[in-house]
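Take a look at the structure set out below.
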Amino acid sequence: MVSGAGGRAGSGSAAPANNYLISPKRLPRALYCQARPFALPLPELFAYFFLFMCMKSSSLRITSFRLPYMDQKVLVLNGDYTAITLCSVQKAFVLLFLDKAEMVAKSEHGTLRTISQAFPKPSIIRLARYVRVPYKGIALSRHNIFKRDQYECQYCGSSKNLTLDHVMPRSRGGDSGWTNLVAACSRCNHAKGQRTPAEANMPLRTQPKKPTLAGFLKLSAGTLDQNWHAYLG
């Protein structure tokens, strides 16, 4: 006996005739559940096939995908209009096309065009249903420390040869937390040594603190759309 999709020979079970199995890695996070693999209904499969053809076919290519403003981010709101993350313009368009989200605000810069159609470029989208997202705070990492400090040394302002510096040295009881770690160039880090900024006469440009989700989304976006201020403060 020939097995069905994902089944074994002789098991007597087969995948439903109207579903196909697709890896969740190829889909937006809001569209799949924890079970892997999972069944994707044919309408959604057709929608992804249509978008694939639009981007790959010479006759249906979405030419605006090549433009620089496609690198901009789209703000994603939860069902209760709270900001939860950022996504690419392409992923936002897929969510809108599949009715998984609705457009809250469109961008004033550019449109998405095919040979015969034009679509507004989204700036803010809202998920069609409320998604429970456990918030554990911004992850403490080297990359996020640099992003918080805008990739600048907090002593001299240089953006070259950045390292992490403990404001209060670890040898003197300093911890490795948001309020004690700053970006510092290797020259300033070496000059400061095992001293505090006051002892080394090297004042900090800004006092380190733990970023909020709204503030971190602003930093991650690069260029901040004016429509976002109402949701990010």
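The values are calculated or read from the model by the stated rules, or taken from the named source; none is laboratory data. The shown structure was predicted, so the numbers you read here are calculated from the model rather than taken from an experiment. Cβ: placed from backbone, ideal geometry, glycine included. Neighbour counts: every protein chain shown.
Being over 15 Å from L204 (Cα atoms), without any contact (Cβ under 8 Å) to a residue 40 or more places away in the chain, assigned to a helix (DSSP H, G or I) and more than 24 Å from the chain's Cα centre (by Cα), is that true of even one residue in the range 153-164? Within the range 153-164, none of the residues are over 15 Å from L204 (Cα atoms), without any contact (Cβ under 8 Å) to a residue 40 or more places away in the chain, assigned to a helix (DSSP H, G or I) and more than 24 Å from the chain's Cα centre (by Cα). Of the residues making up the range 134-193, those that are more than 24 Å from G215 (Cβ to Cβ) and of a type in the set (S, T, Y) are S171, S186. Filtered by the rule that a residue be of a type outside the set (A, V, I, L, M), without any contact (Cβ under 8 Å) to a residue 24 or more places away in the chain and either under 13 Å from V74 (Cβ atoms) or assigned to a loop (DSSP other than H, G, I, E, B) (or both), the range 94-109 gives a lone residue, K106. F216 falls short on exactly one of the conditions (1) loosely packed, with under 15 Cβ neighbours inside 10 Å; (2) within 30 Å of E102 (Cβ to Cβ), and that condition is (1).
Annotation note: of P134, P122, the sole residue that is at pLDDT 85 or above and out of contact with any Cys (no Cβ under 6 Å at 6 or more places or on another chain) is P122.
Scanning the range 213-226 for residues that are in a loop (DSSP other than H, G, I, E, B) and touching a residue at least 12 places away in the same chain (Cβ under 8 Å), we see that the one that is nearest to C156 (Cα to Cα) is G222. The C-beta contact set for the range 175-203 (first residue farther than 22 Å from Q150 by Cβ and in the same structural domain as Q154 (by TED's automatic domain parsing), second residue in a loop (DSSP other than H, G, I, E, B) and of a type in the set (V, I, T), distance under 8 angstrom, 6+ apart or interchain) comprises T196/V167. Of all the residues in the range 123-141, those that are β-branched (V, I, T) and part of a loop (DSSP other than H, G, I, E, B) number 3. Residue under question is L112, and the condition is that it be in contact with a strand residue (DSSP E or B) (Cβ under 7 Å, 6 or more places away or on another chain) and either in contact (Cβ under 8 Å) with a residue 60 or more places away in the chain or assigned to a helix (DSSP H, G or I) (or both); does it hold? So L112 does not fit the description; no.
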